[in-house]
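The values are calculated or read from the model by the stated rules, or taken from the named source; none is laboratory data. Because the structure is predicted, anything quoted here is derived from the model rather than measured. With ideal geometry, Cβ positions are generated from the backbone for all residues, glycine too; neighbour counts draw on all protein chains shown. Only protein heavy atoms, including side chains, enter the accessible area calculation; ligands, DNA and RNA are left aside. Shrake-Rupley method; radii C 1.70, N 1.55, O 1.52, S 1.80 Å.
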Amino acid sequence: MKNVADIYALSPMQKLMLLHARMSRRKNDVLFNQIVYEINGVLDTKAYQRAWQLLVDRHPALRTIFVWQDGKEPVQVVREHATLPWTEHDWRELSTIEQEREFNHLLAADRELGFDLLQAPLMRMNLIRKEENGYLLAWSSHHLVIDRWCIAIIFEEIKSAYEAYITGSFPVLAPAPRYSDYIAWMAKQDKNELQAYWNAVLHDTQARPLALKSATEDV
């Protein structure tokens, strides 16, 4: 297999999320994240795009796909390289009402597209210029690779990278942690101890089965 940097197992939470994703149609995937940010001020769009691509380059999780076959444990595969899908729109000539209508259409079409879990990266960007110094950033991603805890870290790194690029220098960032290290750490834990702990914590909790059926298609 070409363009592979690493292969490792999923965390228990990722396995559950993968099951949800496989059972859902792309446009109805509850793990599809769509976040909108407003950017006011002068923006060097090329430097901004470059800063986002740097994050994909430096974080293995952002270059990860998910591979599974029936009867086998799913794995996550890290690509050596992945180009972040980046689309820019110029709506300065549209009225406020027209911009709102177009933006709603864009978000709906993007959700309809969903994500192919075999294609990296599982995120993409739409940057809309609505006025001379006003933008909207629509950031879509899949929860298998990005959660809410990551967002503050990502934007801190984006800020540092962007500020470096617009001054003509290269960003100096701390080494990026690897999710594979966490998976390796989890594999070393004593499952009996973990089960005993959670049994004690959740002993009076009533279980509610998930309304899911096993998928059988091969990929």
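Worth a mention:
- Antiparallel %, DSSP beta bridges [both residues in the chain], to 5: 85
- When the Gaussian network model of the chain links Cα atoms closer than 10 Å, the mean-square fluctuations of ARG111, ARG25, ARG79 top out at ARG25.
- Relative to the longest principal axis of the Cα atoms of the chain, helix 45-58 runs at roughly 20 degrees.
- The phi torsions of segment 85-92, fed into the Karplus equation with coefficients 6.51, -1.76 and 1.60 and a -60° offset, translate into couplings of x, 9, 10, 10, 10, 10, 10, 5 Hz, rounded to whole numbers, with Gly and Pro shown as x.
- Expressed to the nearest 5 percent, the antiparallel share of DSSP beta bridges inside segment 1-127 is 75 percent.
- Relative to the longest principal axis of the Cα atoms of the chain, the long axis of helix 148-166 lies at roughly 40 degrees.
- Net charge dipole, the chain: roughly 520 debye, given to the nearest 20, about the Cα centre with Cβ charges of +1 for Lys and Arg and -1 for Asp and Glu.
- Loop-located trypsin sites (Lys or Arg not before Pro) across segment 37-74 with a Cβ neighbour count of 14 or fewer within 10 Å are LYS72, with loop assigned by DSSP.
- Value of relative contact order over the chain, rounded to a whole percent, pairs C-alpha under 8 Å and six or more apart: 30
- Radius 11 Å from Cβ of TYR135, net charge of other residues (Lys, Arg +1; Asp, Glu -1): -2
- Degrees separating the helix 191-201 axis from the principal Cα axis of the chain, which is the longest one: 80
- Think of a 1.4 Å ball rolled over the protein heavy atoms: segment 61-214 then has 65 Å² of accessible area per residue.
- Two-site label geometry, ILE166 and HIS203: point separation in nm, points 7 Å out along Cα→Cβ: 5.8
- Restricting segment 134-210 to trypsin sites (Lys or Arg not before Pro) in coil, as DSSP defines it, with at most 10 other Cβ within 10 Å: LYS188
- Shape category assigned to segment 91-137 from the gyration tensor of Cα positions, a/c cut at 1.5: oblate
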